[in-house]
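Encoded as structure tokens, the structure appears first; notes follow it.
Taken together, the values in this text are just the output of simple stated rules run on the coordinates, not laboratory data. The structure presented is a predicted model; accordingly, all values stated were derived computationally and were not measured. Quick reminder, even Gly has a Cβ in these numbers, built from the backbone with ideal geometry, and neighbours come from all protein chains shown.
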Amino acid sequence: MKWEGNRESDNVEDGSDSNASGGGGSRGGFGGGRLGVGTIVIALVVSYFFGINPMTVLNLLSGGSAPSSEAQRPTQTHNSTPTTPADDRTKHFIRVVLADTEDVWGDIFRASGKEYIRPKLHEFTGSVNTACGTGDTASGPFYCPGDQKVYLDLAFFQTMRDRFQVSAEFAQAYVIAHEVGHHVQHLSGISDKVDQQRHAVSERQGNALSVKLELQADCFAGVWAFHANQARSIIESGDIDAALKTASAIGDDTLQQQARGHVVPDSFTHGSSEQRVRWFKRGMDNGKLNDCNTFAAGQL
């Protein structure tokens, strides 16, 4: 991926900055919970392979309200690991990718007569307190609508390399773009509508709504990739395959098969590998938002 020398966003909060604030209040339900690549299944996988307690992640992704005392505290991170040149490169990369999403979505919103409110991206290591509760390494990247921030533990990219054998930077950019896609859903009111619907249906039906929301975020990531490449020619040979490999590796069916040895479709919350690949590709085909309406799709 070609990114060096491009504009860097100033909307990134370094976890080492103790003055960073979580902002916002606690919000319950799916729309107020964390909408991230780290699913319940990822929590189980990480727990199985690395011995990390998945309860924090399960609470993080369950859609329940965070304790008020926790949600009202300023954002805090626990980071005692010294940075390395590789970490510095990753941080520059994250800032460039975030800036690119700002440019793309700013143009798209402006074309429809709306204003794009840029999200903050908060880097952390270990754990972090947010307006949506506590997140940690096991949760993976996630978006909190309570404070309109994307939270990213830098260790997740290492997990991508170690667990999923994906090291391409464009694949990492896809992960960030997916979380920004949830921010777009929040600004568009889509998340709130899904939240309301989810409280009125069964768990199985709620999971199905979650899948549609996640697949739409994948499609939005594809929309970003299309426009970013049109404007700045960021995609190099092998980048798309790496992103599709990532989308496939984090499908619910793949992760469940690895963790349990069998698949339970009714428990899917993010979509199958094939679905995630298809919707990301759909967004990349021509960059049209109308093609990302998973809620009106006859077949996911």
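For R7, no residue 5 or more places off, or on another chain, has a built amide H under 5 Å of its own.
Amide H to amide H distances under 5 Å link G126 with T137, where only residues 5 or more positions off or on other chains count and H is placed in the peptide plane. With one equal scatterer per alpha carbon and no solvent term, the Debye-computed log10 I(q)/I(0) for the range 114-188 at 0.15, 0.16, 0.18, 0.19 1/Å reads -0.51, -0.58, -0.71, -0.78. Placing a label point 7 Å from the Cα of K288 along the Cα-to-Cβ direction, no residue of the range 168-204 has its backbone N under 18 Å from that point. Size descriptors for the range 84-220: radius of gyration and Dmax over Cα atoms are 15.6, 49 Å. Of all lysines in the structure, the ones whose alpha carbon falls short of 29 Å from that of K2, not counting any fewer than 8 places away in one chain, are K91, K120, K149, K245, K281, K288.
Rank-order 109-122, 277-290, 92-105 by packing density, defined as the average count of other C-beta atoms within 10 Å over each peptide's residues, highest first.
On the way: 109-122: 15.3, 277-290: 18.1, 92-105: 22.1.
Highest to lowest by the protection proxy: 92-105, 277-290, 109-122.
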